[in-house]
């Protein structure tokens with residue numbers, strides 16, 4: 001019988017420990033660790049046009065973004081829910097930096113958040 005258990009991976013340090021713990025090739029640990037950290041983030045005060053751009057960019061790299069149903073009719077900023085792995089969110093940041101200034105501000109804040117909250121103590125130095 002196959003044993004299955006759920007593992008909580010909250011940052012890169014815990015991802016590395018789990019991957020190393022099963023005896024994985026050490027050269028593969030840093031490649032796989034960002035793919036093991038899945039997160040769901042709420043981004044507030046996002047311009048509706050930017051919400052659509054963030055969604056399209058995230059979809060293009062295999063993640064997901066929930067946006068308000070009325071996003072195309074909105075005159076005010078909105079809240080979005082971004083879902084993906086740490087690797088996908090890093091890629092999203094790179095993509096967002098290619099857009100106009102307002103989205104680059106979102107990219108910078110997201111990048112800062114990821115560094116502090118998810119990348120583990122070794123990456124915070």
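Each reported figure results from applying straightforward, stated rules to the coordinates on display, with no laboratory input. Just so we're clear, the structure is a prediction, and the values are computed from it rather than from any experiment. FYI the Cβ positions are ideal-geometry reconstructions off the backbone, even for glycines, and counts take in every protein chain you see.
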Inter-centroid distance (Cα atoms) of segment 30-67 relative to segment 1-19, Å:
22
Taking the chain as the reference, fit the longest principal axis to its C-alpha atoms, fit the long axis of helix 48-60 to the helix C-alpha atoms, and give the angle between the two in degrees, 0 to 90, nearest 10.
30
Among 80, 46, 31, which one shows the highest mean-square fluctuation when the chain is modelled as a Gaussian network with alpha-carbon springs under 10 Å?
31
Within a Gaussian network of the chain (alpha carbon springs, distance under 10 Å), most fluctuating of 75, 17, 87:
75
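Taking other Cβ within 10 Å of each residue's Cβ, how do 24, 78 sort, fewest first?
Values: 24 14, 78 17.
By the 10 Å Cβ count, ascending: 24, 78.
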Size descriptor, Kirkwood hydrodynamic radius, that averages inverse alpha-carbon separations across segment 37-123, Å
13.0
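Contour minus end-to-end for residue 105 and residue 71, with contour as 0.36 nm per residue of separation and end-to-end as the Cα-Cα distance?
Working: separation 34, 0.36 × 34 = 12.24 nm, distance 1.99 nm.
That pair, residue 105 and residue 71, stretches by 10.2 nm at full extension.
As a check on your grasp of the helix formula, calculate [θ] at 222 nm for the chain: sum -39500 (n - 2.57) over DSSP H runs of n ≥ 4, divide by the residue count, round to the nearest 500. Working shown, then result.
On the way: 6 runs with 66 residues, N = 125.
Mean residue ellipticity at 222 nm (helix-derived): -16000 deg cm²/dmol.
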Compute the angle between helix 26-36 and the longest alpha-carbon principal axis of the chain, please, reported from 0 to 90 degrees and rounded to the nearest 10.
40
Between the helical axis of 12-21 and the dominant principal axis of the chain, each derived from Cα atoms, what acute angle in degrees is found, rounded to the nearest 10?
30
Considering the zone a paramagnetic label at residue 24 would reach in this model (a point 7 Å from Cα along the Cα-to-Cβ line), which residues of segment 56-99 have amide N under 13 Å from it?
86-87
